[in-house]
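Take a look at the structure set out below.
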Amino acid sequence: MLYTTVTPAQKRERFRELLAAPQIAQFPGAFTPLSTKLIQEQGFEGVYISGGVLANELGLPDIGLTTLTEVATRAGQIARSTDLPCLVDADTGFGEPMNVARTVQELEDAGLAGCHIEDQFNPKRCGHLDGKNVVDTATAVKRIRAAVEARRDPNFVVMARTDIRGVDGFDAAVERAKALADAGADVIFPEAMADLSEFERMAEALDVPVLANMTEFGKSELFTTQQLQDAGVSMVIYPVSLERQAMGAMERLLTTIREDGTQQAQVENMLTRKRLYELVDYTSYNQFDSGVFNFEVPGTPNS
């Protein structure tokens, strides 16, 4: 009821355990606090919060327009709604190394289990778009060092994302990843790998875990968890899948209403009222204090 009873410190410990485990961890992307309920119910290990999705939900493209305040606020709302550890996209850290340090502490305070910081220029671009620019290695390393030094909870995961594969090639991506790991990154997120062999070679070259981004319509094929695990990947994210599915369903519903004059043809595809009430746990609120929460929940024996 209300929010999770699992503390941020416990979630961070759990995140560390997942990264050390032999089994690959799956983190679907949540775009609302409510969507975390579905992710948790399905038994996934964690929740991912995409910077691109947060921008899209504000009606903006993923080109570095969101602020630290907007990201920390929304990510905190999502994180407190689930027992699972949440990883958030912190873009380039929202500025220079001192800004990166502040970003990490704000995200710690918001209850996140970790964040990733990338090596693009600011303003950045979506990782699977062409025309990206990356900073030099020294600048990228400073960002990660600032993030590592700023965290107060040593279990808060600082992940380094590198976009250099799409600019200077795979060998440059390996060298950049090594430098970022040496700077203290707990995990490496090599963006836009071309094929499964590149994930395998990246994992072999590093002593820290590797994350794979399985986003639809991107540069990488949509590999299975088994394929990725066999390639040495420790964690996989599905950043925009839920948002894309939901927006597709909304578009179909609106088309039906406009064309048919009623939503009737789409009702069978909707989440039922009973199922929605289960997700937000109306029953627990009702039982907590019947003197205040004295409503009846549809579908329960007393309703």
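The values are calculated or read from the model by the stated rules, or taken from the named source; none is laboratory data. The structure displayed is predicted, hence computed values, not measured ones. Reconstructed Cβ throughout: ideal geometry from the backbone, glycine too, with neighbour counts over all protein chains shown. To get the accessible areas, we keep the full protein, side chains included, count just its heavy atoms, and leave off ligands, DNA and RNA. Shrake-Rupley method; radii C 1.70, N 1.55, O 1.52, S 1.80 Å.
Below, the figures for the structure above:
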{"read-out": "Residues satisfying the stated conditions in the stretch 136-157, i.e. within 15 Å of residue 11 (Cβ to Cβ) and open to solvent by less than 10 Å² (accessible area, probe 1.4 Å)", "value": "156, 157"}
{"read-out": "Residue check, residue 12 assigned to a helix (DSSP H, G or I), over 28 Å from residue 245 (Cβ atoms) and under 15 Å from the mean Cα position of the chain (by Cα)", "value": "yes"}
{"read-out": "Residues satisfying the stated conditions in the stretch 48-62, i.e. open to solvent by 60 Å² or more (accessible area, probe 1.4 Å) and outside any helix (DSSP H, G or I)", "value": "58, 59, 61"}
{"read-out": "Those residues of the stretch 154-168 which are not hydroxyl-bearing (Ser, Thr, Tyr) and not in a helix (DSSP H, G or I), in sequence order", "value": "154, 155, 156, 157, 158, 159, 160, 161, 163, 164"}
{"read-out": "Residues that are open to solvent by 50 Å² or more (accessible area, probe 1.4 Å), in contact (Cβ under 8 Å) with a residue 12 or more places away in the chain and farther than 26 Å from residue 48 by Cα, drawn from the stretch 253-281", "value": "273, 274"}
{"read-out": "Options 26, 42; residue that is open to solvent by less than 60 Å² (accessible area, probe 1.4 Å) and in the same structural domain as residue 75 (by the TED database)", "value": "26"}
{"read-out": "Scan of the stretch 121-141 for residues that are farther than 17 Å from residue 51 by Cβ and at pLDDT below 65, ordered by number", "value": "130, 131"}
{"read-out": "Yes/no for residue 292 being more than 24 Å from the chain's Cα centre (by Cα), open to solvent by 50 Å² or more (accessible area, probe 1.4 Å) and modelled with pLDDT under 95", "value": "yes"}
{"read-out": "Failed item in (1) open to solvent by 60 Å² or more (accessible area, probe 1.4 Å); (2) among the aromatic types (Phe, Trp, Tyr); (3) touching a strand residue (DSSP E or B) at 6+ places or on another chain (Cβ under 9 Å), with residue 3 passing the rest", "value": "(3)"}
{"read-out": "Residue satisfying condition, being at pLDDT 95 or above and in the same structural domain as residue 81 (by the TED database), within set 270, 235", "value": "235"}
{"read-out": "Residues within the stretch 158-184 that are open to solvent by less than 20 Å² (accessible area, probe 1.4 Å) and closer than 19 Å to residue 122 by Cβ, tallied", "value": "10"}
{"read-out": "Residue that is nearest to residue 26 (Cα to Cα) [pool: residues in the stretch 185-227 that are open to solvent by 40 Å² or more (accessible area, probe 1.4 Å) and part of a helix (DSSP H, G or I)]", "value": "225"}
